[in-house]
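Input: a single structure, listed below in C-alpha cells.
Any read-out appearing in this document is the output of simple, stated calculations on the displayed coordinates, not a laboratory observation. Worth saying up front: this structure is predicted, and the values here are computed from it rather than measured. Reconstructed Cβ throughout: ideal geometry from the backbone, glycine too, with neighbour counts over all protein chains shown.
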Amino acid sequence: MVFSSMGGVSATMTNDTKVIATNYSSNVLYNPTIKEIQNAIDSSDDGEDIVIKGSPTDNGLIKSKKNFNIEGENCTFNNIRWKSTKNISFRNINFNSNKCDCGGAIRSEGSVNCINCNFTGNSATYTDGGAISSDLNVMVSDCNFVENSASDRGGAISSDGDVSVYRCSFNKNKASGATLIQTKGGAIYSRGYV
C-alpha cells in the first residue's frame, strides 16, 4: 500500500512495519507513551513505517532526524507536537489542540504528506502554520482542517514550497498576521504553487 509520492518522497507500508501502541497482546502495544513513540522512531531505519494503535497516553514533543511514516488506527494526538528535519508522512491520525511556536501539530524542515487526517484546534503561537509548517512541499489528501490558527501566516498550512490539496475541507482557520495590504493565508500560505 502506498501513502503517496511527492518530490521524490515515497512512503510505503511493508512487511517490516513496526507496531507501536498500548497494553500488550499478540506482540502489539496499544496506547503508547511519547517516550515509546520516540524510542521507536530513534531505533527505526530511515524511512521505516510505524503503526500506532490507540492514542498516546501522555503529551509532549516528538523529534526526528529521519524520514518516517506514521500509520494510525483509532489514533488521536492531543497536545503532542512533531518536529522533524526530514520528510514525514501521516495517515489516519487526528491532531487536536496541539500548540507550538511554529507548526502547531507538525513542523518539518522536509516535506509533509498527510492522508485521511483531521486537524482541529491546533495553533502556531509565534509564527506560521496552525496545523502544519514545512520548509519544503506539503501534500494533504482527504483531510479536514477546522479552527486552526497561526499568529502570522497559514492558519492551517504554511509551506515554503508547493502545497497540493486533494478532497480536503478547510473551516474557520485563521492567520492573525493578515493585513489589509497583504493576505497571509487564513487557510493556506505557500511560497510555491497551490
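Could you sort the peptides 39-45, 99-105 by per-residue average Cβ neighbour count (10 Å cutoff), highest mean leading? List each step's numbers first, then the result.
Details: 39-45: 15.1, 99-105: 22.9.
Those peptides, ordered most packed to least, come out 99-105, 39-45.
With +1 on the Cβ of every Lys and Arg and -1 on the Cβ of every Asp and Glu, and nothing else charged, how large is the dipole of region 38-147 about its Cα centre, in debye rounded to the nearest 20? Before the final figure, lay out each step's value.
Working: 10 positive and 14 negative charges, 43 e Å.
Charge dipole of region 38-147: 200 debye, to the nearest 20.
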Worksheet item: Amide H to amide H under 5 Å from Asn78: which residues, 5+ apart in sequence or cross-chain, H placed 1.01 Å off N in plane?
Response: Asn96
Practice prompt. Quick one: what are the phi-derived ³J(HN,Hα) couplings along region 114-131, Karplus 6.51/-1.76/1.60 with θ = phi - 60°, whole Hz, x for glycine and proline?
Written response: 9, 10, 6, 10, 10, 10, 10, x, 8, 8, 9, 7, 10, 9, 9, x, x, 9
Response to the item:
Excluding residues fewer than 8 positions from Lys63 in its own chain, the aspartates and glutamates with Cα under 18 Å of it are Glu36, Asp42, Asp45, Asp46, Glu48, Asp49, Glu71, Asp101, Glu109, Asp135
Worksheet item: Let a ≥ b ≥ c be the square roots of the eigenvalues of the Cα gyration tensor of region 128-194; is it rounded (a/c under 1.5), or, if not, prolate (a/b larger than b/c) or oblate?
Response: oblate
Practice prompt. Over 29 Å between C-alpha atoms is what I'm after, so list which of Lys35/Lys174; Lys83/Lys174; Lys53/Lys184; Lys53/Lys174; Lys35/Lys172; Lys35/Lys184 land there.
Written response: Lys35/Lys174; Lys53/Lys184; Lys53/Lys174; Lys35/Lys172; Lys35/Lys184
Discussion item. Check which residues have an amide H placed less than 5 Å from Ser111's amide H, if you skip close sequence neighbours.
Written reply: Asn87, Ile88, Asn137
Worksheet item: So, by mean Cβ neighbours within 10 angstrom, what's the order for 127-135, 53-61 with the highest one leading?
Response: 127-135, 53-61
Response to the item:
Extension length gain for Lys63 and Thr125 (0.36 nm per residue less Cα distance), in nm, is 20.4 nm
